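The values are calculated or read from the model by the stated rules, or taken from the named source; none is laboratory data. Everything numeric in this text was worked out from a predicted model, so none of it was measured. Here the Cβ positions follow ideal geometry from the backbone for every residue, glycine too, while neighbour counts run over all protein chains shown.
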Amino acid sequence: MVQVSYIVQILLLTLGVTLTSTAVSMVIGLPLGYRLSKVGRKYAKLLRSAATAMTGIPPVVAGLCIYFLLTRNGPLGDLKLLYSPAAMVMAQLLIVIPIIAATVYPVFMKADREMRETCLGLRLKRGKIFRLILLECRAGCVSSVMTGFGRAISEVGAVMIVGGNIAWKTRVMTTAVITETGRGNYANAMMLGGLLLLVSVAVNMLAGRMRGD
């Protein structure tokens, strides 16, 4: 049976990495999605198609991109972030930001069409309009963010490459499940998997309350 302290450390690291990457992705992805909803017709199809295509980026490719950035001879090698939680957050950002931007821009487009005349009539500034649209689209925004969170917390390939699955340092729930399964400790793997499922359900229930479900 795995130690309680080991499980707690893995759980806290999983939540820390996933919530950090989701929060940063939200800050970047929501404005990016809004810009995609406002882009001119000339480039609209190209940019929106590119954003949608990025949602399908293979996690191992995202992991490799961050690995080559952070490896000793890479552009950011001097930061010595490889095999650290920070590297895992960076890998998840590459995966989650496109998901949030691509899933939220249709919501913004619909709201913008409905609110455009009112906002123009009141001569509101762009920042104010964006805040109003965020408020109007809060349910859709929360859903997009939670889609990104679900992808982040279930990620294996990218975090394995840049984190190294090091016990007590970079091992998260998903990589711990793989590790225990590989060792033949199926009871431990099932327990860790069940705990991961409970965390995901709890966070999604909280998000449902935020949406007003």
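Given the residues PHE108, PHE149, which is the only one that is touching a residue at least 40 places away in the same chain (Cβ under 8 Å), over 23 Å from THR20 (Cα atoms) and within 22 Å of the chain's Cα centre (by Cα)?
Working: PHE149 fails: over 23 Å from THR20 (Cα atoms).
Matching residue, one of PHE108, PHE149: PHE108.
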Point to revise | Criterion violated by LYS42 - all others in (1) assigned to a helix (DSSP H, G or I); (2) farther than 15 Å from SER144 by Cα; (3) under 15 Å from the mean Cα position of the chain (by Cα) satisfied | key: (3)
Practice item. State whether one or more residues within region 66-73 are within 22 Å of SER144 (Cα to Cα), of a type outside the set (Ser, Thr, Tyr) and part of a helix (DSSP H, G or I). Key: no
Check your understanding: In the list ARG183, ARG171, which residue meets the criterion of being of a type in the set (Lys, Arg) and farther than 21 Å from ILE66 by Cβ?
Key -> ARG183
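Scan region 1-22 for residues that are of a type in the set (A, V, I, L, M, F, W, C), in a helix (DSSP H, G or I) and surrounded by fewer than 14 Cβ atoms within 10 Å (Cβ to Cβ) and jot them down.
The initial filter retains those residues of region 1-22 that are of a type in the set (A, V, I, L, M, F, W, C), namely 1-2, 4, 7-8, 10-13, 15, 17, 19.
Next, from what is left, pick out any that are in a helix (DSSP H, G or I): 4, 7-8, 10-13, 15, 17, 19.
Across region 1-22, the qualifying residues are VAL4, VAL8, LEU12.
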Practice item. For residues that are aliphatic (A, V, I, L, M) and over 17 Å from ASN165 (Cβ atoms), scanning just region 48-78, find the one that is farthest from the chain's Cα centre (by Cα). Key: LEU76
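Got a sec? Which helices (runs of 4 or more DSSP H) wholly within region 114-192 have at least 2 residues that are at pLDDT 90 or above?
Numbers: elements: 126-136, 138-153, 157-163, 173-182.
Qualifying helices (runs of 4 or more DSSP H): 138-153, 157-163, 173-182.
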**Study point:** Single condition MET205 does not satisfy, out of (1) of a type in the set (A, V, I, L, M); (2) modelled with pLDDT under 90; (3) buried (at least 21 other Cβ atoms within 10 Å of the Cβ)
**Key:** (3)
